[in-house]
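Below: one structure, written as structure tokens.
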Amino acid sequence: MPAPRSPNPVAPDFLVIGTAKAGTTSLHHILSTHPDVCLSTPKETWFFDGPAYAQGVDHYLARHFAEARPGQLRGEVATSYLYAPFVAERLAQAAPGARLIAILRDPVERAFSDWWMMHSRGWEPLFFEEAIADNLRRLEEGPDFSDPADWVAHLDAIRRDGRIRHRTYVDYGFYGEQLARYAAQGFGPDRLLVLQFEQLRRQGPGYFDQVHAFLGLDKPAPEALEQTATPQNEALPSRRIGQAVHLLHRTGVSRLVPTGVKDAAKRVLGRMKRSQTMAPGTRAMLSELYRERLLQGTGTARLDGGLEGFDMGLWKSMAPAPRVREES
């Protein structure tokens, strides 16, 4: 029976760094049931990409891991850490011994799922095609979030005001560039595990066994895996309801809602999300963009080499573009 790794006395032992809408909630649940793991409170602290970083890692550990017992691994699940450009350097400096886990998802499907969550919660007033067009304009005109102040202002607008300041649906899927930043900071395969959301869909929650092996933990209990089969909180059916539920989460009242009621609501919401569609032209445009950014790569930011067991064929957006038959 493998024993957990000795916790780093001055840093978190592991972080799930993203990406958003790729099964990180399921992984958080499985890890939270493990007796040798203490996850941060709250789930996402926004420490390494927020202003609290200036207070130091000791503050981070004292505030967010106060209940950690001796011998437990301390970890956080934060979907923004892979994306924010400056976090890789911060983690290399503040948590040099930490192990990182990234879960990637077909970038086109990920962008749509991210938009749907934001739109249905009332944070995103634009429809998908409009939001993508605005996102592409931001990529041309900035900001690129290399300045932490721009990123903090963006997060604050969502968390505090419930509105989108800058749209990031498209560039959250530029995985090659994001992983390259971590590689440049010394996070090699021994310290960065890259998983694929679609493999989780195929194999079920047992796919996360490799996370436990990577962290030196026993496999999770079967009952923990069974609970991850319930639908996740994808979205809400109207903006007003979304805003109301957001308030319930912020105030903690949502914890009083029975689990059975939550699960039933999630099943309904999942069906509603599946009824949404993406315009074929938008899908084709995004697929072409991601093929260029991920397969051809930009400089050293390549994704099609060095990721053992990563099946690009599971991503519809990576399929070859259809040939246009020329008229004779």
Out of (1) within 21 Å of F187 (Cα to Cα); (2) at pLDDT 80 or above, the one G281 does not meet is (1)
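This table checks each residue for (1) open to solvent by 20 Å² or more (accessible area, probe 1.4 Å); (2) over 18 Å from P220 (Cβ atoms); (3) in contact with a Leu (Cβ under 9 Å, 6 or more places away or on another chain); (4) not aromatic (F, W, Y).
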residue: T19; (1), (2), (3), (4): no, yes, yes, yes
residue: L27; (1), (2), (3), (4): no, no, yes, yes
residue: V37; (1), (2), (3), (4): no, no, yes, yes
residue: V77; (1), (2), (3), (4): no, no, yes, yes
residue: Y83; (1), (2), (3), (4): no, yes, no, no
residue: Q93; (1), (2), (3), (4): yes, yes, no, yes
residue: G97; (1), (2), (3), (4): yes, yes, no, yes
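Here's the yes/no breakdown for (1) part of a helix (DSSP H, G or I); (2) touching a residue at least 40 places away in the same chain (Cβ under 8 Å); (3) over 23 Å from G23 (Cβ atoms); (4) polar (S, T, N, Q):
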| site | (1), (2), (3), (4) |
| --- | --- |
| A88 | yes, yes, no, no |
| A102 | no, yes, no, no |
| W116 | yes, yes, no, no |
| E140 | yes, no, yes, no |
Which residue pairs have Cβ atoms closer than 6 Å, lie 6 or more positions apart in sequence or on different chains, and pair a first residue in the range 147-160 that is within 18 Å of T45 (Cβ to Cβ) and in contact (Cβ under 8 Å) with a residue 60 or more places away in the chain with a second residue that is open to solvent by 40 Å² or more (accessible area, probe 1.4 Å) and in a helix (DSSP H, G or I)? V152/P51
Just for the range 120-137: of the residues that are open to solvent by less than 20 Å² (accessible area, probe 1.4 Å) and not acidic (D, E), which one is nearest to Y83 (Cα to Cα)? N135
A66 vs. criteria open to solvent by 40 Å² or more (accessible area, probe 1.4 Å), in a loop (DSSP other than H, G, I, E, B), aliphatic (A, V, I, L, M) and out of contact with any Cys (no Cβ under 8 Å at 6 or more places or on another chain): yes
Mind counting the residues in the range 138-147 that are open to solvent by 40 Å² or more (accessible area, probe 1.4 Å) and within 22 Å of A88 (Cβ to Cβ)? 4
So which residues in the range 180-191 are open to solvent by 20 Å² or more (accessible area, probe 1.4 Å) and either under 18 Å from the mean Cα position of the chain (by Cα) or basic (K, R) (or both), if there are any at all? A180, R181, R191
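Results for (1) touching a helix residue (DSSP H, G or I) at 6+ places or on another chain (Cβ under 7 Å); (2) free of Cβ contacts under 8 Å to residues at least 12 places away in the same chain; (3) assigned to a loop (DSSP other than H, G, I, E, B), shown as yes or no for each residue.
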position	(1), (2), (3)
E44	no, no, yes
F47	yes, no, yes
A54	no, yes, no
D58	no, no, no
A62	no, yes, no
A84	yes, no, yes
L91	no, no, no
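The values are calculated or read from the model by the stated rules, or taken from the named source; none is laboratory data. Nothing here was measured: the structure is a model prediction, and the numbers come from that model. A quick note on method: Cβ atoms are made from the backbone with ideal geometry, for glycine too, and the neighbour counts reach across all protein chains shown. Only protein heavy atoms, including side chains, enter the accessible area calculation; ligands, DNA and RNA are left aside. Shrake-Rupley method; radii C 1.70, N 1.55, O 1.52, S 1.80 Å.
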